[in-house]
Every structure is written in structure tokens, then in C-alpha cells.
Amino acid sequence: MKKVGVYPGTFDPITYGHIDVIERSLKIVDEVIIAVSGFKKKDFLFSVEERVAMIKEVFKNNENVKVESFDGLLVDYLKKKNLKIVIRGLRAISDFDYEFQMVLINRKLNKEIETIFLMPREEYFYISSSIVKEIAKLNGNISCFVPKNVEQALRKKFQGG
Ligand code: COA
């Protein structure tokens, strides 16, 4: 049976750090569904449709990567899809508390879910979508942090082209 993992996040926007985690996860599962959360817990630069479209473009040649959005709780999304494996990236130690909390709460809500943590390459340890947006806003070079289509989308948002 095909092993399917769900990689949830806000991806505002996707970065090479996320992509590294997705590529690593494909060594463990057969298919990854990138689940883009539309729940507005922070101000988004890109709409959920824009975020999904950008990720689809990045993985257009990889049939083992699917991209979807979801609005409610992650556990409800997993239940609806009948999926039980969650993939998360673990970067600096500062991620640990939040990830630990998420795992325990999700487990409380649905004890069948298992979370796999993967560490991205060291050079992506300190990237976050916010830092990339800040650099792009200040017209800095972001080509080492995000793929070309994401770079173009950021330039369009901040510099109008
Ligand atoms: N490389 C680069 N950056 C990474 C990264 C990686 N491997 N992993 C995470 N990040 C960045 C993200 O871009 C994000 O940056 P930002 O805060 O500047 O935007 C930051 O680290 C936090 O990312 P992440 O930990 O993935 O959180 P998130 O806010 O993107 O996603 C959800 C969290 C969506 C998975 C979680 O809130 C959720 O499941 N929500 C649904 C509602 C729910 O079920 N709530 C109960 C949860 S217990």
C-alpha cells in the first residue's frame, strides 16, 4: 500500500528549507501532500490560492508531490483524507517547544497520528518565510532562499515587477 505523508504549514511563501524537507520525506514515504493552511493566525502576504499555485509550479515535474489547502484543524483534514503520517521539519532548537506542543495536542485529538521530524540542510536552518519576505521587501538578494517563481512573485508584491 502506498505510504502517504502530509506536510502541513502556511508556506507564505515556500522556501528552499521547506523544499529540502519535502525531498527528504520522499525517501521515507511514497507520496507527500503539501497541506497549505488558510487559517489566518498571522497576516499573510500571499492568498492561499497564490501559495498553492506557487508550490504546484515548483513541483510540477514530481508526480509524488501533491498540493492542497485546508481551513480547519489539521487532525480533521487528516481524518477526512484517512491519512495518519505528518511530516515536519525541525530546524534550530527553538522549533522544538512548538513542535512538541503540536504533536501532543494533535495526538490528544487523534491518537492514530504519527509525526516524522526531518532536519533540513544546515544552510536552511535559519531561514523562515518572514525573513525572506523582509529581505525581498528591502530589495535584497533572495535567490539562494527561494525558487525563481517565488522570487518573481515576491518582487511583484514588493517592487511591482
Ligand atoms: N525551512 C524554512 N522555513 C521553515 C521550515 C523549513 N524547513 N519549517 C518552518 N519554516 C518557517 C515557516 O516558513 C514559518 O515562517 P514564518 O513564521 O516566518 O511564516 C515558520 O518557520 C513556522 O513554520 P511552521 O512551524 O511550519 O508553522 P506554520 O505557521 O507555517 O504552520 C501549521 C503551522 C499550519 C502546521 C499549524 O498551525 C496547523 O496545523 N494549523 C491548522 C490548525 C490546527 O490544527 N491547529 C492546532 C495545531 S496543534
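Output yes when any residue across segment 13-23 is closer than 21 Å to Leu73 by Cβ, β-branched (Val, Ile, Thr) and touching a helix residue (DSSP H, G or I) at 6+ places or on another chain (Cβ under 6 Å), and no when none is.
No, segment 13-23 contains no residue that is closer than 21 Å to Leu73 by Cβ, β-branched (Val, Ile, Thr) and touching a helix residue (DSSP H, G or I) at 6+ places or on another chain (Cβ under 6 Å).
Within segment 90-101, is there a residue that is more than 13 Å from the ligand (Cβ to nearest atom) and open to solvent by less than 30 Å² (accessible area, probe 1.4 Å)?
No.
Going by the structure shown, is Val86 near the ligand (Cβ under 10 Å from one of its atoms), open to solvent by less than 20 Å² (accessible area, probe 1.4 Å) and within 12 Å of the chain's Cα centre (by Cα)?
Yes; evaluated as a whole, the condition is true for this residue.
Are there any pairs, at least 6 apart or on different chains, whose C-beta atoms fall under 6 Å, with the first in segment 126-138 and open to solvent by 80 Å² or more (accessible area, probe 1.4 Å) and more than 7 Å from the ligand (Cβ to nearest atom) and the second in a helix (DSSP H, G or I) and among the hydrophobic types (A, V, I, L, M, F, W, C), and if so, which?
What qualifies is Lys137/Phe158.
Name the pairs: first residue in segment 16-27 and in contact (Cβ under 8 Å) with a residue 12 or more places away in the chain and more than 7 Å from the ligand (Cβ to nearest atom), second residue open to solvent by 10 Å² or more (accessible area, probe 1.4 Å) and in a helix (DSSP H, G or I), Cβ to Cβ under 6 Å, at least 6 apart or on different chains?
Taking only residues 6 or more apart or on different chains, the pairs are Tyr16/Tyr124.
Are there any pairs with C-beta distances below 7 angstrom linking a residue in segment 140-157 that is at pLDDT 95 or above to a residue that is open to solvent by 20 Å² or more (accessible area, probe 1.4 Å) and β-branched (Val, Ile, Thr), with the two at least 6 apart or on different chains, and if so which?
Here the result reads Ile142/Ile135; Pro147/Val58; Asn149/Val58, each pair linking segment 140-157 to a residue that is open to solvent by 20 Å² or more (accessible area, probe 1.4 Å) and β-branched (Val, Ile, Thr).
Name the single residue that is nearest to Lys156 (Cα to Cα) among those in segment 1-48 being within 14 Å of the chain's Cα centre (by Cα), acidic (Asp, Glu) and outside any loop (DSSP other than H, G, I, E, B).
Ranking the qualifying residues of segment 1-48, first place goes to Asp20.
Would you mention how many residues in segment 62-76 are open to solvent by less than 60 Å² (accessible area, probe 1.4 Å) and either under 15 Å from the mean Cα position of the chain (by Cα) or near the ligand (Cβ under 8 Å from one of its atoms) (or both)?
Count: 7.
Please find, within segment 34-51, the residue that is nearest to the ligand (Cβ to nearest atom) out of those that are open to solvent by 10 Å² or more (accessible area, probe 1.4 Å) and of a type in the set (A, V, I, L, M, F, W, C).
Top of the filtered list is Phe39.
Please identify the pairs in which a residue from segment 75-103 that is at negative phi has its Cβ atom under 8 Å from the Cβ atom of a residue that is near the ligand (Cβ under 7 Å from one of its atoms) and of a type in the set (S, T, N, Q), counting only partners at least 6 apart or on another chain.
Val75/Asn106; Val86/Asn106
The values are calculated or read from the model by the stated rules, or taken from the named source; none is laboratory data. Note that the structure is predicted; figures quoted are calculated from it, not measured. Cβ sites come from the backbone with ideal geometry, for glycine too, and all protein chains shown count toward neighbours. Side chains are part of the model used for accessible areas, which takes the heavy atoms of the whole protein and leaves out ligands, DNA and RNA. Shrake-Rupley method; radii C 1.70, N 1.55, O 1.52, S 1.80 Å.
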